[in-house]
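> Once you've had a glance at the structure underneath, I'll fire off some questions.
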Amino acid sequence: MAFYTDIGFNFARTGGAQLPGNGWMDGLATYQARFQSTLSNYKTARKFGASFNLLIHDLWGADTTETSADPFPGDNGDWVNFDNFMTRLISDLKANNMLPGLIIDIWNEPDLSYFWKRSESQYIQMWARAYYRLQRDLPGVPTTGPSYSASHSAGNSWWTNWLAFIAQNRSIPTQYSWHMEGGGGDMESSTAALRSLLAPNGLATTNTININEYAVLGEQVPSAGAWWISQLERVNAIGLRGNWLSTGALHDYMAGLLGKPNAGTPAYNVTGGGYWPAAEFHVYKYYAKNMTGTRCKTQPTPDKRGEVYAVVDTNVVRLLVGSRVTTGTFYIQLQNLHSIGLPLSGKLVIHTYAFKGSTNHFQEFGPPQDLGTYGHDYSGGTLSFPIFQTDSLTAYAFEFRRAA
């Protein structure tokens, strides 16, 4: 259980995806199997005080394994099957006391045919039907959406049509969610784009933002882990790492933060134990355990390849520094050092730690490497020092005391 507490586990998102059988669309028995898996995940999440994002599409069975011949909500204008599904799901949630900490994701990535093999208009009808059913039968349970695969733009009809519809229909989710898994983009631009579309539709711009899938597989390394933490913290958004595994492994490895014997090989055993921390795990552990205190204002490098998240604690200032899986020389500039009790000029001793990584996401790694301390001369309350990013995988932490 230490793995959960080490990273400050506080959010889960599941629905029994890719278990044998296609959920509700295959019948009650396969739905029940997925619901029991979801219930198990919910209990684990609540044990650690984590919120739980329930995935309707997985329980229905639309998890990339379905075909266009399979039934979808509202086919041929018939909503009876979907209504029956919602009745059963709501009943099961209540019967199993699953409402505390619950947030319901109405459908995952409907803008991709992997998860929604019908028209955009049929999705929008489903959205409204599900939203108002949940409002009626589960009042007070938050909703999230649209969980599109792409962030918003004025040229994306899925976004513009959905926003116009929810503004008119008043089926507005508690949280706005989308995915940042295209290998590009940044959180400041993405959230600004959303707000630019909300306001003209008369929609509030203050709803919680939940990036409930972020980072492509190649970004799930220490350097980019720190980069994403910095990005999400800057805009005060919830973030959930994308899970790029499949079938049994999709339910294993803490979404890629752990490894175990035979991981990623033909001898893999889904029920096997013996877990160890993979490289990126230690970045999240440091973030949870050490990056406490008051969040500082930071900025990325002009090209947004380098990032930093900083906090001021009672006696120590800590910086978590990453890159978007790139190399080069970046500069950290600390300003207004006198505002935290340091003199306007002097020598600042900084302790450095390196979080090494590997392209083998299951490889075992120990704690970050202690690189020792170095004294930097500074003046005018400002210090600039370089980050020599000689490999694309390593993240760094820097620590210094607020007063000598």
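> Residues that are of a type outside the set (Ser, Thr, Tyr) and within 16 Å of Gly375 (Cα to Cα): list the strands (runs of 3 or more DSSP E) wholly contained in segment 296-358 that include at least 1 such residues. Show your work before the answer.
Values: elements: 306-312, 316-323, 328-334, 346-355.
Where strands (runs of 3 or more DSSP E) fall fully within segment 296-358 and carry at least 1 residues being of a type outside the set (Ser, Thr, Tyr) and within 16 Å of Gly375 (Cα to Cα), they are 316-323, 328-334, 346-355.
Conditions (1) assigned by TED's automatic domain parsing to the domain that holds Ser177; (2) under 21 Å from Thr298 (Cα atoms), marked per residue:
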position: Leu203; (1), (2): yes, no
position: Asn207; (1), (2): yes, no
position: Pro222; (1), (2): no, yes
position: Ala237; (1), (2): no, yes
position: Gly242; (1), (2): no, no
position: Gly248; (1), (2): no, no
position: His251; (1), (2): no, no
position: Leu258; (1), (2): no, no
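> Still on this model: Any idea how many residues of segment 198-219 are more than 30 Å from Lys356 (Cβ to Cβ) and in a loop (DSSP other than H, G, I, E, B)?
Our first condition is that a residue be more than 30 Å from Lys356 (Cβ to Cβ); within segment 198-219, this holds for 198-210.
Remaining after also requiring in a loop (DSSP other than H, G, I, E, B): 202-207.
Total meeting the criteria: 6.
> In addition: Only residues in segment 130-148 that are touching a residue at least 24 places away in the same chain (Cβ under 8 Å) count as the first member; pair them with residues that are hydroxyl-bearing (Ser, Thr, Tyr) and assigned to a loop (DSSP other than H, G, I, E, B), Cβ under 7 angstrom, at least 6 apart or cross-chain, and list the lot.
Tyr131/Ser171; Tyr132/Ser171; Pro142/Thr174; Thr143/Thr174; Thr144/Thr174
> Being in a strand (DSSP E or B) and of a type in the set (A, V, I, L, M) is the filter; apply it to segment 361-404 and report the residue that is nearest to Val312 (Cα to Cα). Break it down stepwise before answering.
In the first step, residues of segment 361-404 are kept if they are in a strand (DSSP E or B); the result is 369-379, 382-389, 395-401.
This time we only want the ones that are of a type in the set (A, V, I, L, M), so: 371, 383, 387, 395, 397.
On the way: Leu371: 21, Leu383: 16, Ile387: 20, Ala395: 19, Ala397: 14 Å.
Among them, the one singled out is Ala397.
> What are the pairs with Cβ atoms under 7 angstrom where one residue, in segment 35-54, is aliphatic (A, V, I, L, M) and the other, located anywhere, is assigned to a helix (DSSP H, G or I)? Sequence gap at least six, or different chains.
Final answer for the pair search is Leu54/Thr38.
> Something else about it: May I ask you to say which residue of Tyr268, Tyr309, Tyr284 is touching a helix residue (DSSP H, G or I) at 6+ places or on another chain (Cβ under 8 Å) and more than 23 Å from Glu213 (Cα to Cα)? Before the answer, list the steps.
Working: Tyr309 fails: more than 23 Å from Glu213 (Cα to Cα); Tyr284 fails: more than 23 Å from Glu213 (Cα to Cα).
Just one listed residue meets the conditions, Tyr268.
> When segment 265-295 is examined, which residues are found to be touching a Pro at 6+ places or on another chain (Cβ under 7 Å) and either in a strand (DSSP E or B) or among the aliphatic types (A, V, I, L, M) (or both)?
Listed by number, the residues that qualify are Ala279, Val283.
> Could you say which residue among Trp116, Trp158 is without any contact (Cβ under 8 Å) to a residue 60 or more places away in the chain, assigned to a helix (DSSP H, G or I) and surrounded by 14 or more Cβ atoms within 10 Å (Cβ to Cβ)? Break it down into steps so the answer makes sense when it comes.
Values: Trp116 fails: assigned to a helix (DSSP H, G or I).
Result of the check over Trp116, Trp158: Trp158.
> Same structure, new question: Please verify whether Lys304 is under 23 Å from the mean Cα position of the chain (by Cα) and either over 26 Å from Leu257 (Cβ atoms) or outside the structural domain of Ser379 (by TED's automatic domain parsing) (or both), treating the condition exactly as stated. Lay out the reasoning, then the answer.
Working: under 23 Å from the mean Cα position of the chain (by Cα): yes; either over 26 Å from Leu257 (Cβ atoms) or outside the structural domain of Ser379 (by TED's automatic domain parsing) (or both): no.
Criteria not met by Lys304.
> Sticking with this structure for a sec: Given the condition free of Cβ contacts under 8 Å to residues at least 24 places away in the same chain, surrounded by fewer than 18 Cβ atoms within 10 Å (Cβ to Cβ) and of a type in the set (Gly, Ala, Ser), answer yes or no: does some residue in segment 260-270 qualify? Give the steps one after another, and end with the answer.
So the first thing to find is which residues in segment 260-270 are free of Cβ contacts under 8 Å to residues at least 24 places away in the same chain, and the list is 261-262, 265-270.
With surrounded by fewer than 18 Cβ atoms within 10 Å (Cβ to Cβ) added as a condition, the list becomes 261-262, 265-270.
The next check asks that each one be of a type in the set (Gly, Ala, Ser); those that pass are 267.
Scanning segment 260-270 turns up at least one residue that is free of Cβ contacts under 8 Å to residues at least 24 places away in the same chain, surrounded by fewer than 18 Cβ atoms within 10 Å (Cβ to Cβ) and of a type in the set (Gly, Ala, Ser).
> Okay, moving on. Where in segment 1-95 are the helices (runs of 4 or more DSSP H), entirely inside, with at least 1 residues that are of a type outside the set (Ser, Thr, Tyr), surrounded by fewer than 21 Cβ atoms within 10 Å (Cβ to Cβ) and touching a strand residue (DSSP E or B) at 6+ places or on another chain (Cβ under 8 Å)?
In segment 1-95, the matching helices (runs of 4 or more DSSP H) lie at 2-6, 28-47.
> Hey, can you tell me all the residues within segment 363-387 that are surrounded by 11 or more Cβ atoms within 10 Å (Cβ to Cβ) and touching a residue at least 40 places away in the same chain (Cβ under 8 Å)?
Gln363, Glu364, Phe365, Pro367, Pro368, Tyr378, Gly381, Thr382, Leu383, Ser384, Phe385, Ile387
> Here is a further query. Scan segment 167-214 residue by residue and report those that are exposed (fewer than 15 other Cβ atoms within 10 Å of the Cβ) and of a type in the set (Gly, Ala, Ser).
Selection gives Gly182, Gly183, Gly184, Ser189, Ala192, Ser196, Ala199, Gly202, Ala204.
The values are calculated or read from the model by the stated rules, or taken from the named source; none is laboratory data. A quick note: this is a predicted structure, and the numbers were derived from the prediction, not measured. Heads up, the Cβs are rebuilt from the backbone with ideal geometry, glycines too, and the neighbour counts pull from every protein chain shown.
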